[in-house]
Structure formats: C-alpha cells, structure tokens
Amino acid sequence: MKAILITNDDDLISRINGVDHDLKSMIKVYRDSKDPLDVMSTVCEAKPALVIIDDDFLAPDTVHIMKSIRKVNKSLDIIFCTSNTSIDLGKKVSQMGIQYYAIKPLTEGELQDSLKAILK
C-alpha cells in the first residue's frame, strides 16, 4: 500500500474505486475515526508515500493534523480535498507543501492524473 485516503465521503471513495486498477490497489481507505490521534496513528503505522486528506471529514482539525503529519514525515506527499472554497483555508494549506489541492467534486480523471503523477 502506497497511499491512504482519509475520508467518509462515499462519492470520493467511489471515484477512487473508478481509477485504474493498479492505482486502486495501492490505496487504503481510512474512514474509522475523526480523532486526530487515531488518524496520526494510522498514518504512522502504515508509512504511506501519499496521504489523501478530505477536509470535509476532518474539519476543523485538518490543518492541525496535516502539520503533525509533516512533523513526523516531511517527505510525505499530500493531496488535500475539500468543498470549502475559503481563501484563508487555501492559504494555510498551500503553505504546507501539498502536491495537489482539489475542490470537490473531483472527476475520476482529475484524481487519476494526480495519483499517477505522485505514485508512479
């Protein structure tokens, strides 16, 4: 497993299920808990190359969780997904060195292209 998708968004999960089979097999979906400690524990244990974070699932703790992830693993790639179009959120998240900032809803093509660019 090379990536973790942290979300409870069934639409986003279905988009992941619709991408190329090789990419899909590299991604584990985490939807168990919003608790920052549980999320951090899962990321640390799995040691993925990529984390796809759904702000809608983790808000209001998303930025805090991303900062914590960065402290533990500075080289980890992050795709940030949100339906929040706030410029303030965009500024905060962009300063963390994410690879892709996605506004929902994403198409399978957008998601597949970003995953291919990062994972291969």
Using a Debye calculation, one point per C-alpha and no hydration shell, please list log10 I(q)/I(0) for the chain at q = 0.10, 0.11, 0.21 Å⁻¹ in order. -0.25, -0.31, -1.28
³J(HN,Hα) computed for each position of region 33-47 - Karplus, 6.51 cos²θ - 1.76 cosθ + 1.60, integer Hz, glycine/proline x: 8, 8, 4, x, 5, 5, 5, 4, 4, 4, 5, 5, 5, 6, 6
Rolling a 1.4 Å sphere over the protein heavy atoms, what is the accessible area per residue of region 1-72, to the nearest Å²? 49 Å²
State the extension gain, in nm to one decimal, for the chain segment bounded by Ser83 and Asp56, taking 0.36 nm per residue of separation less the distance between their alpha-carbons. 9.0 nm
Which percent of the accessible area of region 22-120 is formed by carbon and sulfur heavy atoms (probe 1.4 angstrom)? 50 percent
Spelling out what I want: for every residue of region 104-118, take phi, set θ = phi - 60°, compute 6.51 cos²θ - 1.76 cosθ + 1.60 (Karplus), and round to whole Hz; glycine and proline get x. 6, x, 8, 8, 4, x, 4, 5, 5, 4, 5, 5, 4, 5, 8
Taking every alpha carbon pair in region 23-82 and sorting the distances into 10 angstrom bins from 0 up to the bin holding the longest one, the percent per bin comes out as 21, 64, 16
What is the distance, in nm, between label points placed 7 Å from the Cα along the Cα-to-Cβ direction at Met96 and at Ser25? 3.1 nm
Using θ = phi - 60° and Karplus 6.51 cos²θ - 1.76 cosθ + 1.60, couplings along region 83-90 (whole Hz; Gly, Pro as x): 9, 7, 9, 4, 5, 4, 5, x
Set of lysines with alpha-carbon distance to Lys74 below 21 Å, sequence-local pairs under 8 removed: Lys2, Lys28, Lys47, Lys91, Lys92, Lys116, Lys120
Determine the sum of side-chain charges near Met96: Lys and Arg each +1, Asp and Glu each -1, restricted to other residues whose C-beta is under 15 angstrom from that of Met96. +2
For Tyr30, residues with placed amide H under 5 Å, excluding near neighbours: Leu5, Ile6, Thr7
Candidates Ser75, Ser86, Ser14; GNM for the chain (alpha-carbon contacts under 10 Å) flags as most fluctuating Ser86
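The values are calculated or read from the model by the stated rules, or taken from the named source; none is laboratory data. Owing to the predicted nature of the structure, the values given are computational and were not obtained by experimental measurement. Note that we place each Cβ from the backbone using ideal geometry, even for glycine, and neighbour counts take in every protein chain shown. With ligands, DNA and RNA removed, areas are computed over all heavy atoms of the protein, side chains included. Shrake-Rupley method; radii C 1.70, N 1.55, O 1.52, S 1.80 Å.
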